[in-house]
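Student: Can you read through this structure? Questions will come right after.
The values are calculated or read from the model by the stated rules, or taken from the named source; none is laboratory data. Computed from a predicted model, the values in this text were never measured in an experiment. Here Cβ is always computed from backbone atoms with ideal geometry, including for glycine, and neighbour counts include all displayed protein chains. The protein model used for the area step is the full one, side chains on, heavy atoms only, and it has no ligands, DNA or RNA in it. Shrake-Rupley method; radii C 1.70, N 1.55, O 1.52, S 1.80 Å.
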Amino acid sequence: MAEAYIVDAVRTAGGKRGGALRDWHPVDLAALVLNALVDRTGIDPAIIDDVVMGCVGQAGEQAFHVGRNAVLASKLPQSVPAVTIDRQCGSSQQSIHFAAQAVMSGTQDIVIAAGVESMTRVPMGLPVTLPMQHGIGTGPFPQSIRDRFGVSMFSQFVGAEMIAAKYGFERDDLDEFALESHLKAARAMGQGAFAAEIVAVPVVNERGETVMHNADEGVRADATFQGIASVKLLQDGGRISAANASQICDGASGVMIASEAALRAHGLTPLARVHNLTVTAGDPVIMLEEPIPATARALSRAGMTIDDVDLYEVNEAFAPVPLAWLQETGADPARLNVNGGAIALGHPLGASGAKLMATLTHALKARGLRYGLQTMCEGGGIANVTIVENLAR
């Protein structure tokens, strides 16, 4: 089978809700990432075969095919097609999978996998809540699904509490993990660890000056355990708070994937090789547990053990998710989310998959390590796993 190579991977720095990126239309934000990939690789944009754009909140400014609109807003010619996909939080990780699969099949040579989410301008859940507010329909879950699973609704917050209880994590465990996420992210920022992956975005500051947004807004270098522990729980008697869950975030990300023939034809230097692509699905009620069996399956298919992997990016949707993953896989905590995770850096839903891949591939390069594994929990009880091999050592 043909190989698929990651030529470059970039992301915007995260913007807090109502923060630095609030004035950016998500289409323009996504277009900026597409332009950056073209500029950094030096390719003729007309040779791009396709753009696969992940986005969860496909309403308002992210409706009517945000992927195609991003192409039209970018320097890519109108001849470049695009598709917008939704695999919930794993949308742009699935974009990477689809792009790599197209290249590995031999049907396409250069594909950009990307993602975008402005959670300020298109609030989380809007595609569900807006029709309901106008009396349109009864919501996404018919009675047949509710009867089958014995629930009135599916909730990621309930799923997070269920995982914490199942694996024996108390609130202190979750808050300690959250604190470490902030400290790792602050350390990484101080060391310039994100410089190679971040595309700066021009924004207007409070003084009316145009400045470059190039640092993740949500990171708290002064975070303390006491401060995190003081945040109100999301439900009485629970363990989850806003402080040990991922931050609402605006952002865009993108990964250029190419065939070996395209590397040669266009003088491209690969950053990494796609080693394994896996997606699995399980219980939609607990929902967020699926990265555990998905990782086992990916490693088995790749002929690897968890110890063969040098760095792991496991999305910090809620602290119990990566903690349960660590416990069940036996992975080395020192290799997990080494530059912090979504608790500190933010989780821009449809952009998070390619965002994590940007962080993972550049971290492998910076450390001279070989294999990286990325996974995340997704709505409906789905999980993607992507294993890559660093070629930039």
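Student: Within the range 5-51, work out how many residues are open to solvent by 10 Å² or more (accessible area, probe 1.4 Å), farther than 19 Å from Gly267 by Cβ and of a type in the set (Val, Ile, Thr).
Tutor: Selection size over the range 5-51: 1.
Student: Give me the residue from the range 109-137 that is in contact with a strand residue (DSSP E or B) (Cβ under 6 Å, 6 or more places away or on another chain) and surrounded by fewer than 24 Cβ atoms within 10 Å (Cβ to Cβ) and, out of that set, nearest to Met1 (Cα to Cα).
Tutor: Only one residue tops the list, namely Asp109.
Student: Which members of the range 24-47 meet the condition of being in contact with a Ser or Thr (Cβ under 9 Å, 6 or more places away or on another chain) and in a loop (DSSP other than H, G, I, E, B)?
Tutor: Those that are in contact with a Ser or Thr (Cβ under 9 Å, 6 or more places away or on another chain) and in a loop (DSSP other than H, G, I, E, B): Trp24, His25.
Student: Residues in the range 312-329 that are over 16 Å from the mean Cα position of the chain (by Cα) and not in a helix (DSSP H, G or I): how many?
Tutor: Result for the range 312-329: 0.
Student: Taking the condition of being under 17 Å from the mean Cα position of the chain (by Cα) and surrounded by fewer than 22 Cβ atoms within 10 Å (Cβ to Cβ), how many residues in the range 216-264 meet it?
Tutor: Going through the range 216-264 one residue at a time, the tally reaches 1.
Student: Please identify the pairs in which a residue from the range 109-121 that is on the phi < 0 side of the Ramachandran plot has its Cβ atom under 8 Å from the Cβ atom of a residue that is at pLDDT below 95, counting only partners at least 6 apart or on another chain.
Tutor: If the second residue must be at pLDDT below 95, no pairs are left.
Student: Using the structure shown, decide if Ala2 is part of a loop (DSSP other than H, G, I, E, B), touching a strand residue (DSSP E or B) at 6+ places or on another chain (Cβ under 7 Å) and open to solvent by less than 30 Å² (accessible area, probe 1.4 Å).
Tutor: The answer is no for Ala2.
Student: Now for a different question. I'm trying to understand the selection: among the residues of the range 235-274, which are among the hydroxyl-bearing types (Ser, Thr, Tyr) and either under 30 Å from Ala319 (Cβ atoms) or in contact with a His (Cβ under 8 Å, 6 or more places away or on another chain) (or both)?
Tutor: Ser241, Ser246, Ser253 - these are the residues of the range 235-274 that are among the hydroxyl-bearing types (Ser, Thr, Tyr) and either under 30 Å from Ala319 (Cβ atoms) or in contact with a His (Cβ under 8 Å, 6 or more places away or on another chain) (or both).
Student: While we're on this one: Going by the structure shown, is Glu290 under 30 Å from Tyr5 (Cβ atoms), crowded, with 23+ Cβ neighbours inside 10 Å and among the acidic types (Asp, Glu)?
Tutor: Judged against the criteria, Glu290 is a match.
Student: Let me ask something additional. Would you mind stating whether Gly380 is open to solvent by 10 Å² or more (accessible area, probe 1.4 Å) and either assigned to a loop (DSSP other than H, G, I, E, B) or modelled with pLDDT under 95 (or both)?
Tutor: Criteria met by Gly380.
Quick grid of which residues meet (1) in a helix (DSSP H, G or I); (2) not hydroxyl-bearing (Ser, Thr, Tyr):
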site	(1), (2)
Gly67	yes, yes
Lys75	no, yes
Thr107	no, no
Arg121	no, yes
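Student: Additional query: Find the residue count for the range 281-311, including only residues that are of a type in the set (D, E, K, R) and either part of a loop (DSSP other than H, G, I, E, B) or under 22 Å from the mean Cα position of the chain (by Cα) (or both).
Tutor: Residues meeting the conditions: 5.
Student: Within the range 178-195, can one find any residue that is in a loop (DSSP other than H, G, I, E, B), open to solvent by 50 Å² or more (accessible area, probe 1.4 Å) and among the hydrophobic types (A, V, I, L, M, F, W, C)?
Tutor: yes
Student: Let me confirm something: among Ala354, Ala342, Ala331, which residue is surrounded by fewer than 24 Cβ atoms within 10 Å (Cβ to Cβ), at pLDDT 95 or above and small (Gly, Ala, Ser)?
Tutor: Among Ala354, Ala342, Ala331, only Ala331 is surrounded by fewer than 24 Cβ atoms within 10 Å (Cβ to Cβ), at pLDDT 95 or above and small (Gly, Ala, Ser).
Student: Now, a different point. Any residue that is touching a helix residue (DSSP H, G or I) at 6+ places or on another chain (Cβ under 6 Å) and within 19 Å of Pro123 (Cα to Cα) - is there at least one of those in the range 2-16?
Tutor: yes
Student: Hey, could you check the range 138-159 for residues that are among the hydroxyl-bearing types (Ser, Thr, Tyr) and within 30 Å of the chain's Cα centre (by Cα) and say which is surrounded by the most Cβ atoms within 10 Å (Cβ to Cβ)?
Tutor: Of everything passing the filter in the range 138-159, Ser155 is surrounded by the most Cβ atoms within 10 Å (Cβ to Cβ).
Student: Output the number of the condition that Gly135 fails; it satisfies all remaining conditions of (1) in contact (Cβ under 8 Å) with a residue 12 or more places away in the chain; (2) part of a loop (DSSP other than H, G, I, E, B).
Tutor: Of everything listed in (1) in contact (Cβ under 8 Å) with a residue 12 or more places away in the chain; (2) part of a loop (DSSP other than H, G, I, E, B), Gly135 misses just condition (1).
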